[in-house]
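Novice: Pasting in a structure now, in structure tokens, and then I'll have a few things to ask.
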Amino acid sequence: ISKGIRQLFSNPDISGRIGGDEFMVFLKNPESKEQVIHKAKEICKFFRKTYTGENRDYKISGSIGVAICPTDGTTYHELFRKADVALYEAKNKGKDRYEIFDPHANYNYCNDHDVCDITERTQITPIKQNMFLEHIEKYILEILFEAKDVETAINIILDRVGRHFGVTRAYIFENSSEGKNCINTFEWCNEGAKSEIKDIPKTPLSELETYFELFDHNGVFYCEDIKIIKKTNSDMYKRLKSQGVKSILQCFVLNNGELKGYVGFDECNENRKWTKSEIESLLIIAKTVSAYLVKMRIAEQFEKEKARLSCIIDNQKDWIFVLKAQTYEILYANSKVMNSCASAEIGENGFELLKQLKKSYKRKVVTQILLNQKDDYHHEYYDVEKDDWFEITSIKIDWEGTKDANLFLINDTTKNKDREKTEYIYF
């Protein structure tokens with residue numbers, strides 16, 4: 001599609017994909033409005049072309065919104081907003097067509113001042129509901145991509161979605177890392193709604209087993225009236241009733257089929273009957289957020305394990321370091337190495353580190369391992385000049401994308417030796 005659109009325009013014009021299934025064209029200095037209309041028709045015609053598959057034909061269509069300078073604006077943001085309005089009007093009239101922005105038209109689903117520009121796509125409220133539902137996955141993904149971190153993105157999403165659907169409360173419960181409790185970790189409350197996140201205690205997962213049985217095979221629980229929960233789990237019913245909840249919609253957070261928590265939406269104003277499209281939309285949001293949330297927790301756990309491992313290695317009395325084989329670049333060094341060689345820095349050449357081994361056979365062994373590109377290696381040596389024993393272990397590893405790296409561990413074993421009973425190995 002990108003290639004086809006480019007072929008319709010000349011070099012001074014600019015065309016590109018701006019995200020998802022949306023493209024934008026800047027037609028420079030058109031001779032007339034008729035030329036603009038002609039180009040719009042050409043694009044529509046291109047979209048209608050038949051694409052032949054192996055066993056069948058595939059047809060696509062496209063909708064186009066057009067804004068013209070200076071009539072509709074003189075800045076990028078003005079033109080983009082009005083082209084966006086025209087685009088949704090084209091879709092509203094049945095798609096597979098173009099629409100020129102009309103300043104006198106009554107666009108009842110949005111107004112000129114509220115329509116999102118490309119830098120404000122996370123603001124979903126100005127778009128008519130069916131347009132939001134149509135592009136729901138794109139909006140959520142854009143928030144996740146553009147936010148500084150996943151936690152910030154999730155809070156933004158709960159806020160946007162909660163306001164759009166008019167729910168009382170949107171929230172996420174997660175299972176604790178040890179898998180014993182379920183904890184309320186995220187919450188958004190509509191105006192006038194009481195926050196519950198600080199008042200809800202950790203709930204043992206064993207107490208939620210009967211409640212989770214209410215979820216269907218897709219991991220979804222929709223309840224128009226919470227009274228039906230009373231027979232299955234009276235504790236959950238009491239908690240929801242004390243919060244003023246009348247209707248709920250919840251969805252499991254899963255990781256490879258394993259339950260990690262759930263995303264929920266509460267309605268406290270009425271026994272809400274959710275429409276099919278609302279349920280489907282909220283489930284798409286819940287599942288998308290769940291996927292990113294699980295990845296975030298896995299990354300957090302990885303960083304914790306990495307920090308613990310680093311702490312263990314840093315407290316070792318042995319020299320532990322990683323060098324790139326061909327350049328001797330220092331990829332990693334524990335505290336013992338860094339304290340013994342103050343001039344050594346991660347990312348710098350390892351010659352300074354090797355100098356610290358000067359006048360010892362340790363330096364010769366390390367150098368020969370790197371030069372000979374040895375794989376896993378372990379040996380014990382006796383340095384006659386210094387009258388000490390040392391043990392060197394080298395392992396060929398992949399280090400953060402660097403395949404030709406060696407992990408070295410140098411251990412002084414002199415104290416463990418009985419020199420009269422040990423065979424001396426001279427290097």
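The values are calculated or read from the model by the stated rules, or taken from the named source; none is laboratory data. None of these values were measured; they are calculated from a predicted model. Counting neighbours? That spans all protein chains shown, and the Cβs are built from the backbone with ideal geometry, glycine included. Accessible surface areas use protein heavy atoms only, side chains included; no ligands, DNA or RNA. Shrake-Rupley method; radii C 1.70, N 1.55, O 1.52, S 1.80 Å.
Novice: Test each condition in (1) surrounded by 10 or more Cβ atoms within 10 Å (Cβ to Cβ); (2) out of contact with any helix residue (DSSP H, G or I) (no Cβ under 9 Å at 6 or more places or on another chain); (3) at pLDDT 85 or above for residue 64 and report the one that comes out false.
Specialist: (2)
Novice: Restricting to region 259-278, name every residue that is open to solvent by 30 Å² or more (accessible area, probe 1.4 Å) and not basic (Lys, Arg).
Specialist: Correct list: 259, 269, 270, 271, 275, 277.
Novice: When the residues of region 147-190 are filtered to those that are basic (Lys, Arg) and surrounded by fewer than 19 Cβ atoms within 10 Å (Cβ to Cβ), which remaining residue is nearest to residue 269 (Cα to Cα)?
Specialist: The selected residue is 163.
Novice: For region 196-220, name all the residues that are aliphatic (A, V, I, L, M) and open to solvent by less than 40 Å² (accessible area, probe 1.4 Å).
Specialist: Within region 196-220, 200, 205, 208, 220 qualify.
Novice: Spot the failing condition for residue 245; the list is (1) surrounded by 15 or more Cβ atoms within 10 Å (Cβ to Cβ); (2) free of Cβ contacts under 8 Å to residues at least 60 places away in the same chain; (3) assigned to a loop (DSSP other than H, G, I, E, B), and only one is missed.
Specialist: Here residue 245 clears every test but (2).
Novice: If residue 206 satisfies all but one of (1) at pLDDT 90 or above; (2) among the small types (Gly, Ala, Ser); (3) in contact with a Phe, Trp or Tyr (Cβ under 7 Å, 6 or more places away or on another chain), what's the number of the condition it fails?
Specialist: Failed condition: (3).
Novice: Mind listing just one residue for me: the one in region 72-102 that is in a helix (DSSP H, G or I) and under 14 Å from residue 47 (Cβ atoms) and, of those, least open to solvent (accessible area, probe 1.4 Å)?
Specialist: Going residue by residue through region 72-102, those that are in a helix (DSSP H, G or I) are 76-92.
After this cut, where a residue has to be under 14 Å from residue 47 (Cβ atoms) as well, the list is 87, 90-91.
On the way: 87: 27, 90: 0, 91: 36 Å².
Only one residue tops the list, namely 90.
Novice: How do the pairs read when you match residues in region 379-391 that are touching a residue at least 12 places away in the same chain (Cβ under 8 Å) with residues anywhere that are open to solvent by 70 Å² or more (accessible area, probe 1.4 Å) and of a type outside the set (Asp, Glu), using Cβ under 7 Å and keeping only pairs 6 or more apart or on different chains?
Specialist: 381/427; 382/424; 382/426; 384/426
Novice: For residues that are among the acidic types (Asp, Glu) and surrounded by 14 or more Cβ atoms within 10 Å (Cβ to Cβ), tally how many sit in region 1-21.
Specialist: 1
Novice: Mind listing whichever residues of region 402-427 are at pLDDT 70 or above and either open to solvent by less than 90 Å² (accessible area, probe 1.4 Å) or among the β-branched types (Val, Ile, Thr) (or both)?
Specialist: Answer for region 402-427, where residues must be at pLDDT 70 or above and either open to solvent by less than 90 Å² (accessible area, probe 1.4 Å) or among the β-branched types (Val, Ile, Thr) (or both): 402, 404, 405, 406, 407, 408, 409, 410, 411, 413, 414.
Here is a yes/no grid of residues against (1) more than 26 Å from residue 179 (Cβ to Cβ); (2) of a type in the set (A, V, I, L, M); (3) touching a Gly at 6+ places or on another chain (Cβ under 8 Å):
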{"site": "211", "(1), (2), (3)": "no, no, no"}
{"site": "216", "(1), (2), (3)": "no, no, no"}
{"site": "221", "(1), (2), (3)": "no, no, no"}
{"site": "229", "(1), (2), (3)": "no, yes, no"}
{"site": "232", "(1), (2), (3)": "no, no, no"}
{"site": "237", "(1), (2), (3)": "no, no, no"}
{"site": "242", "(1), (2), (3)": "yes, no, no"}
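Novice: So which residues in region 267-292 are part of a helix (DSSP H, G or I) and touching a Lys or Arg at 6+ places or on another chain (Cβ under 8 Å), if there are any at all?
Specialist: Passing the criteria: only 290.
Novice: A follow-up question, please. Report, ordered by the first and then the second residue, all pairs with beta carbons closer than 9 Å, sequence separation of six or more or different chains, a first member in region 22-39 that is closer than 16 Å to residue 62 by Cβ, and a second member that is open to solvent by 70 Å² or more (accessible area, probe 1.4 Å) and not in a loop (DSSP other than H, G, I, E, B).
Specialist: 23/17; 24/14; 24/17; 25/14
Novice: Looking at 44, 110 in this structure, which one is open to solvent by less than 70 Å² (accessible area, probe 1.4 Å), of a type outside the set (D, E, K, R) and at pLDDT below 60?
Specialist: Only one candidate qualifies: 110.
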